[in-house]
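Inspection log for the structure reproduced underneath, given as C-alpha cells.
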Amino acid sequence: MKKTYKVCFVITAILFCMIVVISCEQPTNAEKDIWTEIKSPDELIGVWEGIYKMPIREGSEYAEVLGTYIFEAHIPDTYLLNTQYMEYQGGDTDLIFISKSDYSKFLDDIVKANSGKNKDSLWEIYAALMTGGEVPDMNIKVEKYYLEMQGSVPISSLNNDDLGSIFINQHKDKIKFFSNDDFFEETFGGSMEAILNKKQ
C-alpha cells in the first residue's frame with residue numbers, strides 16, 4: 001500500500017508539472033513575436049488555451065516509474081496529447097487551470113512495444129491508480145483514455161522568480177514558458193519551450 005501511494009504521488013506530481021507546459025503550432029508566415037518577462041500578475045488576466053504534445057522519452061524517470069511499478073512493461077519514445085485551459089480574473093482571485101490528457105497514442109505505443117499487453121487493461125490499471133486517493137486542491141476526472149485535472153493556485157503564491165520565468169509577446173496575446181532545467185531533462189528526457197494563446 002505504501003509503495004502504491006508513493007508511486008501515485010510521483011505520477012501526480014509529474015502530471016501537475018505538465019500543467020504549465022503548454023504549446024501550440026505557429027503559422028510559418030506569422031509575425032515574429034517579441035518576448036519580455038512578465039512583471040505583474042495583471043498581465044496574466046484573461047482566458048488562455050493551448051494544445052500540445054508532451055513527449056515521454058525511453059529511459060526517462062517518468063517512463064521508468066510507469067514501466068517498472070505500474071505497467072511492468074517497456075515504455076518506448078511516445079507522447080501524451082494535452083489540452084490546457086487557464087483563467088485569471090485579476091485581483092485576489094485564484095489562477096484556475098484545467099488540463100486534459102489523451103492517453104490513446106501513449107497506450108498504443110506501449111502495446112506495440114510489448115507483446116501480450118492490452119490497451120484497455122493498461123488503461124484500467126492507470127485509471128485505478130489515479131483515482132485511488134485524494135490529491136489536495138485538485139480534482140481528477142477519468143474518461144476512457146482521458147485524464148482531466150482541475151485545480152486552482154492563489155495568485156499570491158507566485159513570487160517574482162515565478163513571474164520572471166513567464167514571457168509575454170508584444171501583442172499581449174501569448175505567454176511562453178521555458179522548461180529546460182535538470183528536472184524536465186531527467187523526468188521526461190528533454191526540454192520544452194511552450195506557448196499559450198489568449199482567448200479572452
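Can you name the strands (runs of 3 or more DSSP E) wholly within segment 144-186 that have at least 3 residues being aliphatic (A, V, I, L, M) and either modelled with pLDDT under 90 or surrounded by 11 or more Cβ atoms within 10 Å (Cβ to Cβ) (or both)? It would help to see each step written out before you state the result.
On the way: elements: 146-154, 166-169, 174-179.
Of the strands (runs of 3 or more DSSP E) lying wholly inside segment 144-186, those with at least 3 residues that are aliphatic (A, V, I, L, M) and either modelled with pLDDT under 90 or surrounded by 11 or more Cβ atoms within 10 Å (Cβ to Cβ) (or both) span 146-154.
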Any idea which residue in segment 99-108 is surrounded by the most Cβ atoms within 10 Å (Cβ to Cβ), counting only those that are within 17 Å of Gln150 (Cβ to Cβ) and either of a type in the set (S, T, N, Q) or at pLDDT below 90 (or both)?
Ser99
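Kindly indicate whether Leu122 is part of a helix (DSSP H, G or I), at pLDDT 90 or above and under 18 Å from Thr83 (Cβ atoms). Write out each step before concluding.
On the way: part of a helix (DSSP H, G or I): yes; at pLDDT 90 or above: yes; under 18 Å from Thr83 (Cβ atoms): no.
For Leu122, the condition - part of a helix (DSSP H, G or I), at pLDDT 90 or above and under 18 Å from Thr83 (Cβ atoms) - is not met.
Okay, residues lined up against (1) touching a Lys or Arg at 6+ places or on another chain (Cβ under 7 Å); (2) part of a strand (DSSP E or B); (3) β-branched (Val, Ile, Thr):
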| residue | (1), (2), (3) |
| --- | --- |
| Gly90 | no, no, no |
| Val111 | yes, no, yes |
| Lys117 | no, no, no |
| Tyr126 | no, no, no |
| Ile140 | no, yes, yes |
Please go through segment 121-141 and pick out each residue that is surrounded by 15 or more Cβ atoms within 10 Å (Cβ to Cβ) and β-branched (Val, Ile, Thr).
Val135, Ile140
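Condition test on Lys6, is it modelled with pLDDT under 90, closer than 16 Å to Lys176 by Cα and either polar (S, T, N, Q) or not in a loop (DSSP other than H, G, I, E, B) (or both)? So that I can check it myself, show each step before the final result.
Values: modelled with pLDDT under 90: yes; closer than 16 Å to Lys176 by Cα: no; either polar (S, T, N, Q) or not in a loop (DSSP other than H, G, I, E, B) (or both): yes.
When the stated conditions are applied, Lys6 does not pass them.
Only one residue in Tyr79, Tyr62, Tyr69 is surrounded by fewer than 20 Cβ atoms within 10 Å (Cβ to Cβ), of a type outside the set (A, V, I, L, M) and assigned to a helix (DSSP H, G or I). Which one?
Sole residue among the options that is surrounded by fewer than 20 Cβ atoms within 10 Å (Cβ to Cβ), of a type outside the set (A, V, I, L, M) and assigned to a helix (DSSP H, G or I): Tyr69.
Could you pull out the residue among Ile38, Ile96, Ile51 that is in contact (Cβ under 8 Å) with a residue 40 or more places away in the chain, surrounded by fewer than 18 Cβ atoms within 10 Å (Cβ to Cβ) and of a type in the set (A, V, I, L, M)? Spell out the reasoning first.
Working: Ile38 fails: surrounded by fewer than 18 Cβ atoms within 10 Å (Cβ to Cβ); Ile51 fails: in contact (Cβ under 8 Å) with a residue 40 or more places away in the chain.
Checking each option against the conditions leaves just Ile96.
The values are calculated or read from the model by the stated rules, or taken from the named source; none is laboratory data. Small disclaimer: the values here were computed from a predicted structure and weren't measured. Methodologically, a virtual Cβ is constructed for each residue, glycine included, from the backbone with ideal geometry; neighbour enumeration extends over all protein chains shown.
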